[in-house]
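The values are calculated or read from the model by the stated rules, or taken from the named source; none is laboratory data. If you're wondering where the values come from, they're calculated on a predicted model, not measured in any experiment. A quick note on method: Cβ atoms are made from the backbone with ideal geometry, for glycine too, and the neighbour counts reach across all protein chains shown. We work out accessible area using only protein heavy atoms, side chains counted, and drop any ligands, DNA or RNA first. Shrake-Rupley method; radii C 1.70, N 1.55, O 1.52, S 1.80 Å.
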Amino acid sequence: MPTEWIFTLSLNRQITPDEADRIDTTDDFPLFADGSVTYTSGGSGPSELNCDIEAETLLEAVALVSQEIRQIRDLRAVRLHHEDIVTLEIAAQRTGGRRSRQSLVQLSKGQRGPGGFPQPEEKVGGTTFYSWPKVAAYLRDLGDDIDEVPRDQIIADLALRLADEVEVAGYAMRESVLCSLGLCSS
């Protein structure tokens with residue numbers, strides 16, 4: 001069953017006005033058309049993609065967005081941001097299925113567990129945000145095997161960075177080489 005993954009990707013450069021027009025006005029970018037992905041443009045630094053994607057895994061969600069943005073020549077996702085401020089829903093995702101959103105809500109309200117759940121960092125509208133490092137530390141203290149930065153985030157980020165390094169270096173890699181490195185399915 002697909003999960004909703006919320007994440008931010010950095011691109012290798014700014015999206016130009018012509019590219020933004022193409023993204024906004026053609027059917028070539030369904031994830032942008034349905035609002036699952038929005039982008040920043042203008043300002044300093046590279047554009048970012050704010051993503052809300054349904055997929056089986058985070059890596060699959062990142063790959064879907066990356067593949068779509070690569071339709072624009074010389075534009076690619078190069079980094080996955082590791083956000084420290086999260087909702088309990090996103091925190092539950094980061095536990096890798098060890099904790100549900102409901103379990104975290106009950107811990108945060110003192111309805112389960114020993115108490116001492118980290119206080120919210122901020123509230124915006126009806127949404128409460130927590131520090132992921134504090135939540136992860138709390139869960140580790142309860143005995144949960146929780147990484148401070150979830151492995152799927154690290155893998156997705158490293159995959160984007162590796163693809164960017166290969167592209168920047170101008171390597172033309174044969175599929176056999178990629179498979180030998182374990183970067184394709186046999």
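Give me a count of the residues in the stretch 88-97 that are without any contact (Cβ under 8 Å) to a residue 40 or more places away in the chain and open to solvent by less than 20 Å² (accessible area, probe 1.4 Å).
Number of matching residues: 1.
If a residue must be in contact (Cβ under 8 Å) with a residue 60 or more places away in the chain, open to solvent by 50 Å² or more (accessible area, probe 1.4 Å), in contact with a Ser or Thr (Cβ under 9 Å, 6 or more places away or on another chain) and assigned to a helix (DSSP H, G or I), how many such residues does the stretch 30-62 contain?
The qualifying residues number 0.
Can you name the residue in the stretch 98-117 that is of a type outside the set (D, E, K, R) and under 17 Å from ILE6 (Cβ atoms) and is also least open to solvent (accessible area, probe 1.4 Å) among such residues?
LEU104
Residue by residue, here is whether (1) under 20 Å from LEU9 (Cα atoms); (2) assigned to a helix (DSSP H, G or I); (3) in contact (Cβ under 8 Å) with a residue 60 or more places away in the chain; (4) open to solvent by 30 Å² or more (accessible area, probe 1.4 Å) holds:
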site: GLN119; (1), (2), (3), (4): no, no, no, yes
site: LEU139; (1), (2), (3), (4): no, yes, no, no
site: GLY143; (1), (2), (3), (4): no, no, no, yes
site: VAL149; (1), (2), (3), (4): yes, no, yes, yes
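Which one is farthest from the chain's Cα centre (by Cα) among residues in the stretch 10-28 that are part of a loop (DSSP other than H, G, I, E, B) and under 21 Å from ASP164 (Cα atoms)? I'd like the intermediate steps shown before the answer.
Residues of the stretch 10-28 part of a loop (DSSP other than H, G, I, E, B): 12-16, 26-28.
Next, from what is left, pick out any that are under 21 Å from ASP164 (Cα atoms): 12-16.
Details: ASN12: 16, ARG13: 18, GLN14: 19, ILE15: 19, THR16: 23 Å.
Residue satisfying both the conditions and the ranking: THR16.
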